[in-house]
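S.K.: Supplied in C-alpha cells, the structure appears directly below.
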C-alpha cells in the first residue's frame, strides 16, 4: 500500500492521487495544466500542412516526428564495449535519437559519455541507471519529451518508436516497454528490450522515488525490476505496447530467437505480462530487440534503411490521432486495471 508520508509533498506540484488496488492514478489539479496538455498545438499549421492530404511520403512525416516527438536515449555500456557495441549504437539507431548519452565508468573521446564511478558489474546496473536518470532529469527534463533507457546490445527502430509515442502526451504519468510479470501488481518493463519514460514519469521518479529509501532501494541487482517498482509506487502507469492483434512491439530477445513464431516452453513465454500471440513473432511495427550481435547492427541497418524492393507497393500511412486529456486519462485507467493473462 502507498505510504501517505512518501507522497505528502506531491500536492506542492499540483498532483493528487486516487488509489485503487495498489495502483495510483494521477489527477492534475493545476488549471494551467490543461493549457499545457497540448503544447504542440503551437505548431498546428505545420501539422495541418502535413496531414491535410493522404500521406504521400512517410519520410516527410518521419522527419517531422523527429522534431515533434523528442527522445533522449540513455544507453548502458562499459569501457570494453566502447569501440564495438557502443560505437555501433552511436552510428546506427543511436544517431536517430534527438540526444544520445552513454553511461559508462570511463570517458571516451569518440562517445558522449556520462561517467559514473561504479565498477562494471551486473550488481551496479541499477545504480548506474539511477545516476543516469537523475542526470537527465536535472539537465534535460524540459528539452525532451520521452526518455529511453537501453543496453548497448539493444537495437531500436526509432521511427517506429516515435510513431507509437505520438498519440500520447509526455506530461502523462506513463512508461512503455515489454511488460513482464513481477511480485508487484503492474509488473515492470524489461531492461534489455528498452523502456521509455514520459517527461512526467521521469519527473516523478526523481522528485519522489529516488529521493526516498522507503520507495526506492539504494541498491539492487535487477535494474529493470527495481525501476519498475519505484515507478509503480509513485503513480506511473505501465502502458500496453502491443498492436491490435496482440503482437509485441518491444522484444527483449534477438529477433532470430523468436522468428517466425515465439517458441512454446521458452524462458521468455513465462515472463510476459500479456500472453503473446504466437501466430507471428512480433508486431509489423516492432520497436526493439535485444541481444543483438555486432554484425547484426549493420545487417539491420542495411535491410531497414538501404535495401529497396523494386515494384513493392506500400500503402501510404497517416499518423494516428492524438489523445485528448479525457481520452488519455481513460487510457491510463484502463492500463492501470489490467491484470496478467499469462499463467505460465
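S.K.: Among 180, 325, which comes first, second and so on when ranked by fewest other beta-carbon atoms within 10 Å?
M.R.: By the 10 Å Cβ count, ascending, the order reads 325, 180.
S.K.: Can you bin every Cα-Cα distance in segment 201-270 into 5 Å intervals starting at zero and give me the percent of pairs per bin, rounded to whole numbers?
M.R.: 3, 14, 18, 17, 13, 15, 11, 8, 2
S.K.: Could you tell me which of rounded, prolate or oblate describes segment 202-344, using a ≥ b ≥ c as the square roots of the eigenvalues of the alpha-carbon gyration tensor, with rounded for a/c under 1.5 and, failing that, prolate when a/b is larger than b/c and oblate otherwise?
M.R.: It comes out prolate by the Cα gyration axes.
S.K.: Given axes a ≥ b ≥ c from the Cα gyration tensor, I'd like to know whether segment 283-344 is rounded (a/c under 1.5), prolate (a/b larger than b/c) or oblate. It would help to have the intermediate numbers written out before the result.
M.R.: Numbers: a/c = 2.94, a/b = 1.53, b/c = 1.92.
Judged from the Cα gyration tensor, segment 283-344 comes out oblate (a/c at least 1.5, b/c at or above a/b).
S.K.: Also, I was wondering about something else. For the residues 335, 93, 267, what sequence is obtained by ranking on other C-beta atoms within 10 Å, fewest first?
M.R.: 267, 335, 93
S.K.: With a ≥ b ≥ c the root eigenvalues of the C-alpha gyration tensor of segment 147-202, is it rounded (a/c under 1.5), prolate (a/b larger than b/c) or oblate?
M.R.: Cα axes put segment 147-202 in the oblate bin.
S.K.: Let me ask another. Report the Stokes-Einstein translational diffusion coefficient (µm² s⁻¹, integer) for segment 96-181, Rh taken as the Kirkwood radius over Cα pairs, at 10 °C with viscosity 1.306 mPa s.
M.R.: For the chosen part, D equals 108 µm²/s.
S.K.: Express in nm, to one decimal, how much length is gained between residue 80 and residue 121 on full extension, taking 0.36 nm for each residue of separation and deducting their alpha carbon distance.
M.R.: On the way: separation 41, 0.36 × 41 = 14.76 nm, distance 1.23 nm.
Full-extension gain reported as 13.5 nm.
S.K.: Rank the residues 113, 71, 227 as a footprinting-exposure proxy: fewest other Cβ atoms within 10 Å of their Cβ go first.
M.R.: 113, 71, 227
S.K.: Before anything else, pin down the relative contact order of segment 141-219: Cα pairs under 8 Å, at least 6 apart, normalised by residue count, whole percent. Write down the numbers at each step before the final one.
M.R.: Numbers: 92 pairs, mean separation 30.0, N = 79.
Relative contact order here is 38 percent.
S.K.: Here is a further query. Using per-residue counts of other Cβ atoms within 10 Å, averaged over each peptide, order 116-127, 230-241, 150-161 from highest down.
M.R.: Details: 116-127: 15.1, 230-241: 25.0, 150-161: 23.3.
Ranking, from highest mean packing down: 230-241, 150-161, 116-127.
S.K.: What's the Cα-based Rg to Rh of segment 132-280, Rh via Kirkwood?
M.R.: We get a ratio of 0.96 for segment 132-280.
Here, each number is a calculation from the coordinates, and none is a lab measurement. Predicted, not measured: the structure shown is a model, and the values here were computed from it. Cβ sites come from the backbone with ideal geometry, for glycine too, and all protein chains shown count toward neighbours.
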